[in-house]
Amino acid sequence: MTGHSALAINGGKPVRTDPFPAWPCFDKREEDAVLKVLRSGKWWQFAYGQGLELIEGESQDISQTSWFQRDFARYHDCEHGIAAANGTATLEIILRALNLGPGDEVIVPPYTFIASASSILQIGALPIFVDIDPLTLNLSPQRVEAAITDRTRAIMPVHFGGQCTDMDAINAIAKKHKLFVVEDAAHAHGSEWKGKKCGSLSDAGSFSFQNSKNMTAGEGGIITTNNAGLAEMCRSYLWAGREKGRPWYEHHRLGWNYRITEFQSAILRIQLERLQEQTRLRDANGRYLSRALRENVKGIIPQTNDERANLISYHIFLMSYEAAAFGNMTRKEFMDALTAEGIPCSGGYNHPLYRNPMFLNKDFWKDGFPCTPGYAREINYHDFIDTCPISEKFCRESVWLTQNLFLGTKTDMDDVVEAIAKIQQSRA
Ligand SMILES: Cc1ncc(COP(=O)(O)O)c(C=O)c1O
């Protein structure tokens, strides 16, 4: 430990000057894959044929998207994968394919990215926020049941940071009340619950491949499911309402064009090849850091690992910062000092989702639809401030580290602990 040496923010020597592993990561395999698509002239999946789900095995000339969908789904213990433009679109498509819409309510945690809730509004249903668990920081099953009404149709847990939500409890509640479950697995590529992959633990899973995610093509998303009928519906919604085996210009339902390109799929196939090794590395480093912080530093509380979540993607390493243990340094002062010591970090969301102006003003569709009489019960999004105290508190105290920090060595983790301990000692 560095003892009482001056903080880097005050001109002292930083704990580390070496950068953490860069993100996104790529090598010649991605370069070759992109060039191959470019030169083929086949830049979208349809270039390979009219079917909505391309058939493999007939020739070597197969769409990158078809390969990727199959391989990603198999890796995630699912029979069907439907790749899409992004991880917001995939949530919308799943909800629509489950036949949800105006008048329906979907339970979702408020400590998440806006897409988890905006996707619900985009299909005309209403997000109902239920607080997170103070330890795992995921949707609290204990609180879900009290929020169920006769309008509730689905629960959408978010495996936040990559740690699986308590799916045993969520699925039991859903079964009892006959609700769908949709996993927002945007952070949970390769994560496991009792040995099974996230995205395979419910009716359908949704992943994102946006630039920061643990696998990326800049943008992209995929739906995973073991329900063939649901997969077929998702494909139809994604392909402008087309139906398999029917004429190209025959549209059966109100769909979108949310398709992915062959360039993205080609990159993602390579990224998938690295996923297992990278996930194991992030998991090992994340758990090591979590233990080391608990043992060596007071006032920094890492997200608690549920032991059933046996593999954690650590898309985000979450910690609570308690200012009292740091001589009442504000969280911003702490984060600035930590960054200056060579450990990049951020505070995450400023407030839970329901505090966004869009919810407080119900600035959704025309005249506040779908939050309008006739379609919904009276909902005041201000009220969730009282019912979600854990999310409120965590927004004030959270400090995030990103997944690329966990692609290095245990020594990198030791640096994180040393930097935090150094800041703490400077205020002792
Ligand atoms: C929890 C969560 N859900 C959904 C999304 C949406 O993914 P995308 O950015 O690919 O639309 C994100 C993206 O950051 C996310 O963090």
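The values are calculated or read from the model by the stated rules, or taken from the named source; none is laboratory data. What you see is a predicted model; the values in this text were computed from it and never measured. As a convention, Cβ positions derive from the backbone with ideal geometry for all residues, glycine included, and neighbour counts pool all protein chains shown.
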*In the range 78-122, what residues are touching a Gly at 6+ places or on another chain (Cβ under 6 Å) and surrounded by fewer than 24 Cβ atoms within 10 Å (Cβ to Cβ)?*
86, 101, 102
*Which of (1) small (Gly, Ala, Ser); (2) away from the ligand (no atom under 16 Å from the Cβ); (3) in a strand (DSSP E or B) is the odd one out, the single condition residue 200 does not satisfy?*
(3)
*Is there a residue in the range 231-246 that is polar (S, T, N, Q) and either at pLDDT below 95 or within 16 Å of the ligand (Cβ to nearest atom) (or both)?*
no
*Collect the residues in the range 358-383 that are closer than 17 Å to residue 120 by Cα, part of a helix (DSSP H, G or I) and in contact with a helix residue (DSSP H, G or I) (Cβ under 9 Å, 6 or more places away or on another chain), keeping them in residue-number order.*
358, 359, 360, 381
*Residues that are closer than 17 Å to residue 269 by Cβ and either touching a strand residue (DSSP E or B) at 6+ places or on another chain (Cβ under 6 Å) or within 14 Å of the ligand (Cβ to nearest atom) (or both), drawn from the range 69-79*: 69, 72, 73, 76, 78
*Give the residue that is nearest to the ligand (Cβ to nearest atom), with candidates limited to residues of the range 203-228 that are among the small types (Gly, Ala, Ser) and closer than 27 Å to residue 149 by Cβ.*
206
_Residue selected from the range 356-393 under the condition on the phi > 0 side of the Ramachandran plot and surrounded by 11 or more Cβ atoms within 10 Å (Cβ to Cβ), by the criterion modelled with the highest pLDDT_ = 362
*Would you mention how many residues in the range 206-242 are part of a loop (DSSP other than H, G, I, E, B) and either touching a residue at least 60 places away in the same chain (Cβ under 8 Å) or surrounded by fewer than 17 Cβ atoms within 10 Å (Cβ to Cβ) (or both)?*
15
*Looking at (1) under 27 Å from residue 124 (Cα atoms); (2) not in a loop (DSSP other than H, G, I, E, B), which is the one condition that is false for residue 284?*
(1)
*asked:* Within the range 121-134, does at least one residue satisfy the condition of being closer than 29 Å to residue 258 by Cα, in contact (Cβ under 8 Å) with a residue 40 or more places away in the chain and of a type in the set (S, T, N, Q)?
replied: no
*Output the residues belonging to the range 330-368 that are basic (Lys, Arg) and touching a residue at least 12 places away in the same chain (Cβ under 8 Å).*
331, 332, 355, 362
